[in-house]
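Notes follow once the structure below has been shown.
The values are calculated or read from the model by the stated rules, or taken from the named source; none is laboratory data. If you're wondering where the values come from, they're calculated on a predicted model, not measured in any experiment. Here Cβ is always computed from backbone atoms with ideal geometry, including for glycine, and neighbour counts include all displayed protein chains.
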Amino acid sequence: MSTPQNPYTHGPLGAVFAKTALPIILVMGLNGLLAVADALFLGHYVGAAALGAVTLMFPLYMFITALATLVASGMSSILARHLGAGHINAAQRVFAGAHGLALLIAALLIVAFWQFGAPLVLLIAGGNAALATMGALYIGIIVMFTPLAFVLALNSDALRCEGRIGFMALVSVLVALANIACNYVLIALLDMGVAGSAYGTALAQGLAFGVLVVFRLWGRTVLRLSALMQNSLVAGWRRIIALGAPPSLNFMGIALGAAAIIAALQLVQTPRMADTIAAYGIVTRIQTFMFLPLLGLSFAMQSITGNNFGAQMWQRSDDSLRIAITVALVYSALAQLVLNLCARQIGAAFVSETVVIDEVARIMPAMTALYILAGPLMMIGGYFQAIGDASRAAILGLSRTYLFVLPLTLILPRLLGEAWIWRVAPISEALLLLLTLAVLAQTARKHGRRRGLFFAR
């Protein structure tokens with residue numbers, strides 16, 4: 001069988017970028033919409049307590065996402081460059097090794113939850129037995145199906161690296177519709193509560209898995225299921241983990257950041273604690289929804305840049321970064337405008353309680369005050385990931401959360417009051433901008449790259 005032409009290294013770059021990025025952004029947007037829809041189903045058909053229980057499980061859910069990202073993102077960074085260079089056998093070895101690593105991590109996660117899940121959930125729920133019971137039921141089902149979720153994450157990133165973006169988008173749309181339908185049946189009609197939400201997700205993932213198996217068996221691809229049997233399942237783990245660690249730790253940082261905010265609210269003993277946490281839960285879901293298209297744009301840029309970088313097409317890889325930064329800047333500016341002007345309306349779409357709506361209107365503009373910086377800075381961090389520069393990817397990917405957000409969230413409210421919890425996000429964006437400029441200046445001096453980024457002369 002002849003090797004298909006690499007879709008990233010041929011044709012007008014603008015068209016390639018649009019063809020690649022738009023479906024991925026659609027996919028990520030749908031994923032974000034599912035989180036919003038899930039919250040609406042629980043809030044309307046089960047009640048605020050169920051919504052609160054699932055919200056409390058957000059740090060654990062993001063931890064699981066981080067582990068899936070560890071393998072999938074690490075694999076895709078290597079895979080894109082192998083495919084770009086035409087090294088098919090090497091790409092198949094990475095594909096197989098990533099599956100072995102993903103299944104091992106998923107198995108360890110299941111065992112760990114069996115042993116420590118219940119007391120951990122009770123701790124997160126602040127000792128509230130009712131919330132802990134619902135939370136443990138929800139997250140326990142999610143954990144049980146992590147092998148399926150991890151395999152889907154790997155294959156989604158592999159399809160992106162192969163240039164099968166349209167197919168990936170089609171599957172994602174199908175899964176999104178199936179998830180919403182399953183949630184409606186299980187939550188609204190069968191009254192399964194939080195379990196219905198978790199099982200709805202698992203059923204939709206099962207559908208996607210079936211479609212992917214058919215594609216890997218009979219579709220036009222060099223990454224067939226036979227590659228898993230013909231190559232070692234333990235190959236390349238160290239490199240996958242090294243390159244996957246920055247984006248994975250970024251997701252872990254999201255979980256830790258949410259946990260830190262709840263802890264800070266408890267430490268300063270904020271009035272109307274329950275209302276503030278409810279409002280923060282709404283803000284988190286909206287921010288996730290707005291963040292995921294940016295993540296999709298970053299993934300598209302990494303696929304295009306990684307393939308062209310692997311093919312040593314320097315001008316083309318440089319131009320892909322320029323396009324991504326420009327699009328991200330425009331998107332982030334528009335998102336900041338909407339989130340600031342429509343905060344009250346967004347809150348009212350989720351709840352009817354005026355006090356919670358007021359809290360959303362107070363919190364959201366403060367947290368998104370410098371959202372305009374988020375997109376461009378994400379693209380620069382993703383660029384270093386795409387070209388295999390793990391150290392700079394780690395510095396730029398992890399500093400915002402671990403160096404700025406977490407310490408400031410725990411320190412500033414103690415010194416200056418509760419309002420500064422919500423100002424940590426824009427302060428951290430400003431600090432990350434300064435750090436990014438310093439890293440680019442150092443890279444330009446040391447390696448002679450224009451603006452610390454570009455390889456073409």
| Identity of the residue in the range 353-394, of a type in the set (Gly, Ala, Ser) and without any contact (Cβ under 8 Å) to a residue 24 or more places away in the chain, that ends up farthest from Gly310 (Cα to Cα) | Ala361
| query | With respect to the numbered conditions (1) within 25 Å of Ala328 (Cα to Cα); (2) in a helix (DSSP H, G or I), which one is the sole condition not fulfilled by Ala98? | reply | (1)
| request: Could you run through the range 114-148 and say how many residues are within 20 Å of Ala39 (Cα to Cα), part of a helix (DSSP H, G or I) and not aromatic (Phe, Trp, Tyr)? | output: 15
| task | Six or more apart or on different chains, Cβ under 9 Å: which pairs go from a residue in the range 185-200 that's farther than 9 Å from Leu42 by Cα to one that's β-branched (Val, Ile, Thr) and assigned to a loop (DSSP other than H, G, I, E, B)? Could you list them? | result | Asp191/Val46; Gly196/Val46
| task | Kindly indicate whether Thr354 is at pLDDT 90 or above, out of contact with any Pro (no Cβ under 7 Å at 6 or more places or on another chain) and on the phi < 0 side of the Ramachandran plot. | result | no
| message | So if I check each of Ala419, Ala390, which one is out of contact with any strand residue (DSSP E or B) (no Cβ under 7 Å at 6 or more places or on another chain), on the phi < 0 side of the Ramachandran plot and surrounded by 17 or more Cβ atoms within 10 Å (Cβ to Cβ)? | response | Ala390
| query | Listed residues Gly127, Gly117, Gly135; which is more than 30 Å from His82 (Cα to Cα) and surrounded by 23 or more Cβ atoms within 10 Å (Cβ to Cβ)? | reply | Gly135
| Of all residues in the range 49-64 being small (Gly, Ala, Ser) and surrounded by 17 or more Cβ atoms within 10 Å (Cβ to Cβ), which is farthest from Ile262 (Cα to Cα)? | Ala50
| What helices (runs of 4 or more DSSP H) completely inside the range 343-457 contain at least 1 residues that are in contact with an Asp or Glu (Cβ under 9 Å, 6 or more places away or on another chain)? | 343-350, 354-367, 374-386, 419-447
